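Below you'll find the structure, written out as structure tokens, and then a few comments.
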Amino acid sequence: MAKRAPVPVSPFGSQDYELLCENLVTLREAHIRSRDARPMRVGDVCTLSQDGEVYELVVTDFTDRGGEGWSVRCRVIDMHHR
């Protein structure tokens, strides 16, 4: 009996967030979206670590994308060196 290949495990479990943060340093913002995860709300705070820096972000805008899930825009409110 042949073994099945293991199913890759997302670091977010079944929640599967997509994080877009190419403008983190220049525009001081990031975008998060998901199809299945519990939606974030305006005012929620989250932390992101990237390139030796730790960023504290606050959700400023929420968009309901219907069958495609939701997305939020976050603004950097604080930054620390690791």
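The values are calculated or read from the model by the stated rules, or taken from the named source; none is laboratory data. Computed from a prediction, not measured in an experiment: that's the story for all the values here. Using ideal geometry, Cβ is built from the backbone for each residue, glycine included, and neighbour counts are taken over all protein chains shown. In case anyone asks, the SASA skips ligands and DNA or RNA and just uses the protein heavy atoms, side chains included. Shrake-Rupley method; radii C 1.70, N 1.55, O 1.52, S 1.80 Å.
Which loop GluC sites (Glu not before Pro) in the range 12-82, with loop taken from DSSP, have no more than 11 other Cβ atoms within 10 angstrom of their Cβ?
Passing sites in the range 12-82 are E22.
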Hey, can you find the accessible area per residue of the range 38-82 for me, probe 1.4 Å, expressed in square angstrom? 64
Spelling it out for D44: with amide H atoms placed in the peptide plane at 1.01 Å from N, the residues 5 or more places away or on another chain with amide H under 5 Å from its amide H are V59
Can you compute 3J(HN,Hα) from phi for each residue in the range 33-43, using the Karplus curve 6.51 cos²θ - 1.76 cosθ + 1.60 with θ = phi - 60°, rounded to whole Hz and x for Gly and Pro? 9, 7, 9, 10, 6, 4, x, 7, 10, 4, x
